[in-house]
1. Just the residues that are on the phi < 0 side of the Ramachandran plot, assigned to a loop (DSSP other than H, G, I, E, B), in contact with a strand residue (DSSP E or B) (Cβ under 8 Å, 6 or more places away or on another chain) and free of Cβ contacts under 8 Å to residues at least 40 places away in the same chain, please, taken from region 31-65.
2. Can you work out which of the residues in region 1-48 that are under 20 Å from the mean Cα position of the chain (by Cα) and among the aliphatic types (A, V, I, L, M) is nearest to Glu66 (Cα to Cα)?
3. Of the residues that sit in region 39-78 and are of a type in the set (A, V, I, L, M) and farther than 17 Å from Ser6 by Cβ, which one is modelled with the lowest pLDDT?
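The values are calculated or read from the model by the stated rules, or taken from the named source; none is laboratory data. Please read these numbers as outputs of a predicted model, since none were measured by experiment. Backbone-built Cβ (ideal geometry, glycine too); neighbour counts: all protein chains shown.
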Amino acid sequence: MAVIPSDQHITYQLQFRKCGKPSCSTCRTGQGHGPYWYAYWRQGSRLRSGYIGKVRPAGCKQTAAEKKRKASTAKTKEHTATTAIPALP
(Lines give C-alpha, C1' and ligand atoms only; values in the text may rest on other atoms or scores of the structure.)
Protein backbone atom coordinates (compact mmCIF):
# COMPACT_ATOMS: atom_id res chain seq x y z
CA MET A 1 0.00 0.00 0.00
CA ALA A 2 1.29 3.47 -0.88
CA VAL A 3 2.26 5.88 1.88
CA ILE A 4 0.28 9.08 1.39
CA PRO A 5 2.62 12.09 1.58
CA SER A 6 1.76 14.96 3.91
CA ASP A 7 3.87 17.60 2.13
CA GLN A 8 2.14 17.57 -1.29
CA HIS A 9 -1.16 18.62 -2.82
CA ILE A 10 -3.56 15.67 -2.50
CA THR A 11 -6.85 15.17 -4.30
CA TYR A 12 -9.44 12.93 -2.66
CA GLN A 13 -12.02 10.94 -4.59
CA LEU A 14 -14.82 8.50 -3.77
CA GLN A 15 -14.79 5.40 -5.96
CA PHE A 16 -16.63 2.12 -6.35
CA ARG A 17 -14.58 -1.00 -7.07
CA LYS A 18 -15.48 -4.33 -8.66
CA CYS A 19 -14.01 -7.41 -7.02
CA GLY A 20 -13.95 -9.54 -10.18
CA LYS A 21 -15.70 -12.57 -8.70
CA PRO A 22 -18.21 -14.00 -11.20
CA SER A 23 -20.68 -14.89 -8.43
CA CYS A 24 -20.69 -11.43 -6.78
CA SER A 25 -24.19 -9.97 -7.11
CA THR A 26 -23.04 -6.54 -5.86
CA CYS A 27 -20.73 -6.15 -8.85
CA ARG A 28 -23.02 -7.87 -11.35
CA THR A 29 -26.11 -5.78 -10.63
CA GLY A 30 -24.67 -2.51 -9.31
CA GLN A 31 -21.76 -0.12 -9.31
CA GLY A 32 -19.61 -2.42 -7.23
CA HIS A 33 -18.32 -2.26 -3.67
CA GLY A 34 -17.91 1.03 -1.87
CA PRO A 35 -17.78 3.91 -2.12
CA TYR A 36 -14.22 4.06 -0.81
CA TRP A 37 -11.96 7.10 -0.46
CA TYR A 38 -8.73 7.27 -2.48
CA ALA A 39 -6.00 9.90 -2.42
CA TYR A 40 -4.19 11.04 -5.60
CA TRP A 41 -0.92 12.99 -5.82
CA ARG A 42 1.98 13.56 -8.22
CA GLN A 43 5.37 12.00 -7.69
CA GLY A 44 7.57 13.46 -10.37
CA SER A 45 5.64 12.94 -13.60
CA ARG A 46 3.68 9.94 -12.28
CA LEU A 47 0.21 10.01 -10.77
CA ARG A 48 0.10 7.96 -7.58
CA SER A 49 -2.90 6.79 -5.59
CA GLY A 50 -3.54 5.37 -2.16
CA TYR A 51 -6.51 3.70 -0.51
CA ILE A 52 -7.90 5.54 2.52
CA GLY A 53 -11.10 3.69 3.43
CA LYS A 54 -14.82 4.33 3.95
CA VAL A 55 -14.46 7.36 6.25
CA ARG A 56 -13.85 10.78 4.66
CA PRO A 57 -10.26 11.89 5.35
CA ALA A 58 -9.62 14.81 7.69
CA GLY A 59 -9.16 18.04 5.78
CA CYS A 60 -11.22 16.83 2.84
CA LYS A 61 -14.08 19.10 1.82
CA GLN A 62 -17.60 17.79 1.36
CA THR A 63 -18.23 16.39 -2.14
CA ALA A 64 -20.99 17.71 -4.41
CA ALA A 65 -22.87 14.40 -4.03
CA GLU A 66 -22.68 14.63 -0.22
CA LYS A 67 -23.91 18.24 -0.31
CA LYS A 68 -26.81 17.25 -2.55
CA ARG A 69 -27.72 14.29 -0.30
CA LYS A 70 -27.55 16.49 2.79
CA ALA A 71 -29.77 19.17 1.18
CA SER A 72 -32.28 16.54 0.07
CA THR A 73 -32.43 15.09 3.60
CA ALA A 74 -32.87 18.58 5.07
CA LYS A 75 -35.75 19.33 2.66
CA THR A 76 -37.48 16.09 3.62
CA LYS A 77 -37.08 16.86 7.34
CA GLU A 78 -38.30 20.45 6.79
CA HIS A 79 -41.35 19.25 4.87
CA THR A 80 -42.15 16.69 7.55
CA ALA A 81 -41.77 19.30 10.31
CA THR A 82 -43.97 21.91 8.59
CA THR A 83 -46.74 19.57 7.47
CA ALA A 84 -49.54 19.93 10.00
CA ILE A 85 -51.72 16.97 10.84
CA PRO A 86 -55.33 18.08 11.30
CA ALA A 87 -56.74 17.46 14.76
CA LEU A 88 -59.63 15.09 15.15
CA PRO A 89 -62.91 16.65 16.36
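1. Hits for region 31-65 are Gln31, Lys54, Val55.
2. Going through the qualifying residues, I end up with Leu14.
3. Ala74
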